[in-house]
Amino acid sequence: MRAYIPTAAACAALALAWACAAPAAADAGPSTAFTITDPRITEASGLAASRLHPGVYWTHNDSSDGPYVYAVDSATGKTVARVTMRGVHPRDVEAISMGPDGDLYVGDIGDNLGGAWSEVWIYRFHEPAKLRDQTVDVTRYTVRYDAGPRNAEALMVQPKTGRVYIASKNEDGGGLYRGPARLSAHGTNVFRRIADVPWVTDGAFSPDGSRLVLRGYFWAAEYRWVDGAPQKLTDLEVPMQPQGEGVTFTTDGKALMYGSEGKNSEVWRAPLSAAELPDSVPTGSPGATKGGGGAGDRATDQGGTDAAAEDSPKSSGGSGDKALGLGVLVAVGALGLGLRRALRRRRA
């Protein structure tokens, strides 16, 4: 037994070093914020942070559900309201976004048949002041693209101008389309291509409108928004998810929330570094580079929902954690093997 004491001591020292280093790695990368527990939500295809109810996130199912939008409490992962859109028969709802007027915009913009539908729709309604199951009236907008039908999964409302943008989805890369300065409920709203983008499953503007983030299944990119157009800023770290189709900024602009389709799907929180932060967020502010979500996200909303889960992640899974863990395992194995050989030579 004594022959293995040095090896055990070395392993213990390395384990202690790993325990000390792991929290730092977790703070630096994406981590699980909450899990959506509602069995009705199995294809969460969009994500939007509530403005009226801190810590609440709006989501919806893909094409397999009815005219429903769900409010999920990030403190518990439970649904605190299901909103039914009156008179709506959705075809393929893929995105949701919050406008500067406090309205929710729901994008019925999917077209998995590769452009078979000549028009798609956007539904708009006021964010409910009280979180409870209810039915609301909506304004419906008809949308067409200037170059013909497109499949799309990302709809973003610019928080300063109120202008709506759609990013199309294509294996060879899509396009970013700009809607009219004001959508009209009468006639057709033509969206015009203003930029090329990769394969996009969702997107979001920062609360101050200075940043646009677009995501795919395995990537995300941040753009600086200048004079109504995107300028590529940087690539972002994205958590590994079964089918990543949602992204939104936290209300303080300090982090991104990533959602995925699937039963009991996890929503991940990814803090932004100084270079990635929106213009309105001071680079030295508390929580700008790690877990803090701001006082607003720790408040209690008007519906009595205690929301603080996004400020206290439950598990970590960033690439830094994995790399560090692999390094520790390799080091432990190499050290143990070396000590064992040395002891064998000594006994010989």
Fill in: Nonlocal amide H pairs with A48, under 5 Å, H built at 1.01 Å
W58
Worksheet item: If you take the alpha carbon radius of gyration of the stretch 153-204 and divide it by 2.2 N^0.38 Å, what ratio comes out, to two decimals?
Response: 1.15
Discussion item. From the Cα trace of the stretch 195-263, what convex hull volume per residue do you get, rounded to a whole Å³?
Written reply: 82 Å³
Fill in: aspartates and glutamates with Cα under 18 Å of K254, excluding same-chain neighbours fewer than 8 positions away
D27, D208, E222, D235, E237, E276, D279, D297, E310, D311
Practice prompt. On the full set of protein chains, 1.4 Å probe, figure out the accessible area of L113 and give it in Å² to the nearest 10.
Written response: 120 Å²
Worksheet item: Label T76 and W219 with points 7 Å out from Cα along Cα→Cβ: what is the distance between them in nm?
Response: 4.0 nm
Worksheet item: If the label point is 7 Å along Cα→Cβ of H186, which residues in the stretch 114-152 have backbone nitrogen under 15 Å from it?
Response: 140-142
Response to the item:
Inter-part gap, Cα centre of the stretch 35-57 to Cα centre of the stretch 161-222, in whole angstrom, is 21 Å
Fill in: Given K232/K263; K130/K160; K169/K263; K160/K263, the pairs whose alpha carbons are separated by over 29 Å
K232/K263; K160/K263
Practice prompt. For the stretch 52-198, just the Cα set please: Rg and Dmax, both in angstrom.
Written response: 15.1, 44
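What's the FRET efficiency of Q134 with N264 using the Cβ-Cβ distance as r and R₀ = 30 Å, to the nearest 0.05?
Calculated transfer efficiency: 0.75.
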Worksheet item: Taking 0.36 nm per residue of separation and subtracting the Cα-Cα distance, what length does fully extending N112 through H126 add?
Response: 2.2 nm
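The values are calculated or read from the model by the stated rules, or taken from the named source; none is laboratory data. From a predicted model like this one, the values you see are computed outputs, not experimental measurements. FYI the Cβ positions are ideal-geometry reconstructions off the backbone, even for glycines, and counts take in every protein chain you see. The area values use the complete protein model at the heavy-atom level, side chains included, leaving out ligands, DNA and RNA. Shrake-Rupley method; radii C 1.70, N 1.55, O 1.52, S 1.80 Å.
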